[in-house]
1. Taking a Cβ-Cβ separation under 4.7 Å as the criterion for a possible partner, which cysteines of the chain have none?
2. First check a/c for region 173-330, with a ≥ b ≥ c the square roots of the eigenvalues of its C-alpha gyration tensor; if it is under 1.5, answer rounded, and if not, answer prolate when a/b is larger than b/c or oblate otherwise.
3. Of Thr203, Thr114, Thr155, how do they rank once you tally other Cβ atoms within 10 Å and put the fewest first?
4. With +1 on the Cβ of every Lys and Arg and -1 on the Cβ of every Asp and Glu, and nothing else charged, how large is the dipole of the chain about its Cα centre, in debye rounded to the nearest 20?
5. Between rounded, prolate and oblate, where does region 27-100 land on the alpha carbon gyration tensor, with a ≥ b ≥ c its root eigenvalues, rounded for a/c under 1.5, else prolate if a/b exceeds b/c?
6. Write down the Å³ per residue value for the convex hull defined by the alpha carbon atoms of region 128-224.
7. Within a Cβ distance under 10 Å of Leu216, other residues only, what is the Lys/Arg minus Asp/Glu net charge?
8. Which of rounded, prolate, oblate describes the chain, given a ≥ b ≥ c as roots of the alpha-carbon gyration tensor eigenvalues and a/c under 1.5 marking rounded, otherwise prolate only if a/b is larger than b/c?
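What follows draws every value from the coordinates through simple rules; no lab data is involved. Since this is a predicted model, take the numbers as computed values, not measurements. Glycine gets a Cβ as well: all are built from the backbone with ideal geometry, and neighbour counts include every protein chain shown.
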Amino acid sequence: MRALLASLLLLASAASASAQSGPPKDTLQVVLQRGQLVCGVATAGVGLSIPDSQGIWRGIDADYCRALAAAVLGSADKLRFVATTTQQRFTALQSGEVDVLIRATTWTFSRDVTTGLTFTGINLYDGQGFMVRKALGVKSATELDGATICLLPGTTSEQNVTDWFRAHGLKFQPVVIEAAADIQKAFFSGRCDVYSNDRTDMTGIRSAQGSGAADLVILPETISKEPLGPLVRKNDGRWFDVVRWMNFALLSAEELGVTQANVEQMRSSTNPEVRRLLGVEGDFGKQLGLTDAWVVDMIKAVGNYGEIWDRNQKPLGVDRGPNRLWKDGGLQYSPPFR
């Protein structure tokens with residue numbers, strides 16, 4: 001009996017030690033004390049998160065990281081990007097290596113329920129498709145029977161292709177490559193006939209080819225819904241609220257006409273919702289554990305959602321589509337600030 005009790009106490013002690021050394025329970029407090037946000041991004045997502053020739057991260061997801069740093073710490077410079085692969089991204093967040101994951105990750109049932117992580121919202125509505133070289137002579141995905149397709153392992157993209165081909169009675173040969181940059185190289189070198197990923201990703205890759213873009217065709221079929229958004233660890237309610245309402249504030253700012261250029265001027269607005277959004281009235285910042293100027297700092301750093309889109313996706317020729325504000329026929333809108 002004593003031996004059993006000793007074993008139980010040992011297990012309890014080990015569990016307690018493990019819990020103490022695990023990821024933080026109050027990420028907001030950790031970030032504030034550290035004075036820096038650690039944001040997990042993709043390794044090479046054109047228009048989403050990719051370093052430019054000077055090593056500066058560009059893209060919608062990269063700007064969301066900057067927005068969050070500005071909201072929490074008052075400066076978009078108090079930020080460290082951590083590039084994560086599709087295989088390691090969830091582990092990086094689960095372990096506490098990063099504070100938040102903003103890297104073109106699709107919100108699915110299994111990811112939301114079984115990983116110990118949770119999505120805070122959707123910053124980009126996307127859908128998966130197929131890109132081929134024009135020389136292949138293919139006009140529709142239904143003509144891809146027997147094709148070789150470049151895919152990232154462990155992604156929704158891989159499962160979507162498998163499901164779609166099965167549903168249409170077609171076969172394909174997967175070419176599975178772990179790194180996003182390597183899979184693009186494989187496609188352009190002719191190792192596979194087809195590149196399949198989210199349509200924004202493919203449009204960005206095609207646009208980056210310059211004059212060679214004319215040799216690439218994105219087929220008309222969209223085979224899935226891909227709602228992409230930031231993730232945080234579960235049971236960290238205050239941090240969840242901060243990341244969720246960061247997204248909503250960017251959308252509200254666009255809807256209310258608050259921009260990077262006029263945000264200071266808009267603090268004098270007589271519109272009650274603008275005044276609440278910008279911290280002139282109410283105590284929403286305090287309720288989140290932030291300053292009253294958290295939205296002002298964020299908009300100064302990156303602009304509103306529309307400005308982020310225009311800076312990162314519009315030059316690539318990506319149609320905003322469902323990512324338009326609801327008032328413009330899209331799906332994006334924020335609950336009210338009241």
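1. Taking the Cβ cut-off of 4.7 Å, the chain has no unpaired cysteines at all.
2. Numbers: a/c = 2.91, a/b = 2.02, b/c = 1.44.
It comes out prolate by the Cα gyration axes.
3. Numbers: Thr203 22, Thr114 9, Thr155 19.
Starting with the residue having the fewest Cβ neighbours, the order is Thr114, Thr155, Thr203.
4. 400 debye
5. Values: a/c = 2.29, a/b = 1.19, b/c = 1.91.
Judged from the Cα gyration tensor, region 27-100 comes out oblate (a/c at least 1.5, b/c at or above a/b).
6. Values: hull volume 8.2 nm³, N = 97.
Residue-normalised Cα hull volume stands at 85 Å³.
7. On the way: positive: Arg133, Lys134, Arg206; negative: Asp215.
Surrounding charge for Leu216 is +2.
8. Numbers: a/c = 2.12, a/b = 1.19, b/c = 1.78.
Taking the square roots of the gyration eigenvalues as a ≥ b ≥ c, the chain is oblate.
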